[in-house]
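Here the structure comes first, spelled out in structure tokens, and everything after it is commentary.
The values are calculated or read from the model by the stated rules, or taken from the named source; none is laboratory data. Small disclaimer: the values here were computed from a predicted structure and weren't measured. Cβ sites come from the backbone with ideal geometry, for glycine too, and all protein chains shown count toward neighbours. Quick note on the areas: whole protein, heavy atoms, side chains included, nothing else; ligands and nucleic acids left out. Shrake-Rupley method; radii C 1.70, N 1.55, O 1.52, S 1.80 Å.
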Amino acid sequence: MASLSVKPGQRFTLPDWQNNSLLISTNAEQQRFNSHHVRQEGRALRNETGNQARWDEHNSRTQLKDRITTVDKWREALAKCLAEIDLEIDALTKVKEAAENALQAKNLCLDVAIECLTFRESRRDIDVVRDPVEEELHREVKVIEKTKKELQQRVDDAFRQLCLLKEARQLLSCDHRHKVEALELDRQCMTFNPTSGNISFKVNPTRIPDGTTALCEWELTSQRNKDRAEAEMKASVDLRGAITLTIAQTNNELDAQRIATEFALRKRMRDMEGALSELRWQEKNTLDEIAEMEEEIRQLEEDIRKRTLDLKVAHTRLETRTYRPHIELCRDQAQFGLTDEVQQLEGIIRALQQKRTESQDTLDALYRQLHRIQTDIGYKTNSLQLDNKCMDTRRKLVIPVEKFDPEVDAVNRTRNLPRTSQLELA
């Protein structure tokens with residue numbers, strides 16, 4: 001006869017079972033309520049933070065645009081001031097050269113007057129008299145010396161003013177270049193957005209970099225540079241007017257005929273031709289050396305390129321060998337050899353680069369020397385042409401001297417100078 005099996009364990013009452021079901025339902029409703037509350041808070045937080053982030057980004061973008069506009073206006077103002085100061089430097093340089101040429105022309109006048117007095121010292125007996133001609137010659141010497149001092153003073157003033165202009169231009173150029181770089185960076189910042197591929201977290205991005213200046217100091221510096229440039233340009237305009245007036249006055253005072261002896265001119269021409277011949281020989285040799293040095297630099301750069309490729313190969317081999325598995329990742333002879341090869345190649349590249357730098361410095365020095373030679377050739381060629389004019393004029397009985405009277409508009413900075421800065425003899 002079969003018997004009823006009894007399961008061991010505790011038996012709960014019906015009220016316990018009902019209470020348990022009620023507790024589960026109550027807990028479920030409470031958890032749903034809590035979840036709903038958290039969801040509502042999260043949605044509100046998302047809306048608030050999203051709006052705040054969009055508003056902050058909008059403010060940042062607006063401030064960036066305003067900053068770009070401000071910096072761009074200053075850039076345009078500095079660029080305009082740079083163009084004006086370049087024109088003024090060019091104008092003052094030409095007027096200074098005109099004053100130097102006028103000063104140099106006075107040397108010939110003084111030589112002629114002194115030579116004439118020397119010739120007249122050879123007179124004998126009763127002809128040795130102080131006649132009006134001798135008095136005029138002594139007066140001419142005094143006038144020439146006085147005008148030379150005035151012109152030299154003007155040349156010195158122009159040189160100092162050119163230094164001040166170039167110093168002001170240097171400050172302007174540096175300020176303008178910095179603003180161009182700042183504009184590029186701010187415009188780059190304007191292009192950044194959450195989908196940009198080049199955004200990332202940075203270390204301490206809110207730090208204040210060294211050398212940071214206040215906004216008022218930034219604007220004051222640019223304004224100060226601009227004001228100084230404008231002040232120097234105004235002083236330069238006034239000085240150009242004064243120099244032009246001095247040149248005109250000195251040339252008006254020296255309207256007498258200029259004479260030079262044929263012997264002195266021929267001696268000068270021979271010396272000038274000898275100097276030109278020597279300079280042309282130096283120019284040819286310098287050009288040959290420049291060509292050889294340029295070829296040497298090209299060879300050095302080619303060797304650097306080849307050694308760099310070798311270094312890349314060695315680096316790649318070393319890096320590739322770092323992926324050897326387990327016990328195979330050992331420092332074998334190949335590893336030592338590759339390491340030595342890298343060190344040797346790095347040393348070779350440094351030596352080649354140093355030699356290339358040394359060669360480039362030598363080449364730059366050769367170019368500077370060539371420029372000095374060619375400039376001196378130009379000066380001496382110009383002087384020889386002037387001496388040839390004097391020799392041609394020497395064959396004439398009358399030597400009318402063309403007055404040098406450059407027209408300068410001190411307000412509009414326009415000039416009407418002769419094509420040649422030397423006195424032309426007809």
**Request:** Residue by residue through the range 178-194, note down the ones that are modelled with pLDDT under 85 and among the polar types (S, T, N, Q).
**Result:** Asn193
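Out of Leu172, Leu220, which single residue is assigned to a helix (DSSP H, G or I), open to solvent by less than 70 Å² (accessible area, probe 1.4 Å) and among the aliphatic types (A, V, I, L, M)?
Working: Leu220 fails: open to solvent by less than 70 Å² (accessible area, probe 1.4 Å).
That would be Leu172, the only listed residue that is assigned to a helix (DSSP H, G or I), open to solvent by less than 70 Å² (accessible area, probe 1.4 Å) and among the aliphatic types (A, V, I, L, M).
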**Item:** Criterion violated by Glu346 - all others in (1) free of Cβ contacts under 8 Å to residues at least 12 places away in the same chain; (2) more than 30 Å from Gly378 (Cβ to Cβ) satisfied
**Value:** (1)
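Conditions (1) outside any helix (DSSP H, G or I); (2) of a type in the set (Val, Ile, Thr); (3) modelled with pLDDT of 90 or more; (4) open to solvent by 80 Å² or more (accessible area, probe 1.4 Å), marked per residue:
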position: Ala256; (1), (2), (3), (4): yes, no, no, no
position: Ala260; (1), (2), (3), (4): yes, no, no, no
position: Phe263; (1), (2), (3), (4): no, no, no, yes
position: Arg266; (1), (2), (3), (4): no, no, no, yes
position: Glu292; (1), (2), (3), (4): no, no, yes, yes
position: Glu301; (1), (2), (3), (4): no, no, yes, yes
position: Arg305; (1), (2), (3), (4): no, no, yes, yes
position: Asp310; (1), (2), (3), (4): no, no, no, no
position: His315; (1), (2), (3), (4): no, no, no, yes
**Request:** Might you check whether a residue that is free of Cβ contacts under 8 Å to residues at least 12 places away in the same chain, surrounded by fewer than 14 Cβ atoms within 10 Å (Cβ to Cβ), of a type in the set (A, V, I, L, M) and not in a loop (DSSP other than H, G, I, E, B) occurs anywhere in the range 200-210?
**Result:** no
**Prompt:** On the given criteria, is Thr93 open to solvent by 50 Å² or more (accessible area, probe 1.4 Å), of a type in the set (Ser, Thr, Tyr) and either under 31 Å from the mean Cα position of the chain (by Cα) or more than 26 Å from Leu162 (Cβ to Cβ) (or both)?
**Reply:** no
**Complete:** Over the range 117-174, the set of residues among the hydroxyl-bearing types (Ser, Thr, Tyr) and at pLDDT 65 or above is Thr118, Thr147, Ser173
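Could you list all residues from the range 340-373 that are open to solvent by 80 Å² or more (accessible area, probe 1.4 Å), farther than 19 Å from Glu296 by Cα and of a type outside the set (S, T, N, Q)? Before the answer, list the steps.
First, the residues of the range 340-373 that are open to solvent by 80 Å² or more (accessible area, probe 1.4 Å): 340, 343-344, 350, 354-355, 358, 361, 367-368, 371-372.
Then drop every residue that is not farther than 19 Å from Glu296 by Cα, which leaves 340, 343-344, 371-372.
Within the range 340-373, Asp340, His371, Arg372 meet the criteria.
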**Asked** Tally time: how many residues in the range 147-193 are among the basic types (Lys, Arg) and free of Cβ contacts under 8 Å to residues at least 24 places away in the same chain?
**Response** 3
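For (1) open to solvent by less than 70 Å² (accessible area, probe 1.4 Å); (2) in contact with a strand residue (DSSP E or B) (Cβ under 7 Å, 6 or more places away or on another chain); (3) acidic (Asp, Glu), each residue gets a yes or a no:
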site: His37; (1), (2), (3): no, no, no
site: Gln52; (1), (2), (3): no, no, no
site: Glu57; (1), (2), (3): no, no, yes
site: Ser60; (1), (2), (3): yes, no, no
site: Gln63; (1), (2), (3): no, no, no
site: Asp72; (1), (2), (3): yes, no, yes
site: Leu82; (1), (2), (3): yes, no, no
**Prompt:** Which of (1) modelled with pLDDT under 80; (2) of a type in the set (D, E, K, R); (3) within 28 Å of Leu103 (Cβ to Cβ) is the odd one out, the single condition Glu278 does not satisfy?
**Reply:** (1)
**Asked** When you go through Arg43, Arg67, Arg54, Arg39 one by one, which is the residue that is in contact with a helix residue (DSSP H, G or I) (Cβ under 8 Å, 6 or more places away or on another chain), in a helix (DSSP H, G or I) and either closer than 30 Å to Pro194 by Cβ or free of Cβ contacts under 8 Å to residues at least 24 places away in the same chain (or both)?
**Response** Arg67
**Prompt:** Which of the residues spanning the range 210-242 are at pLDDT below 90 and either within 30 Å of Cys109 (Cβ to Cβ) or over 25 Å from the mean Cα position of the chain (by Cα) (or both)?
**Reply:** Ala214, Leu215, Cys216
**Message:** Every residue in the range 228-242 that is farther than 15 Å from Asp86 by Cα and open to solvent by 70 Å² or more (accessible area, probe 1.4 Å), please.
**Reply:** Asp238
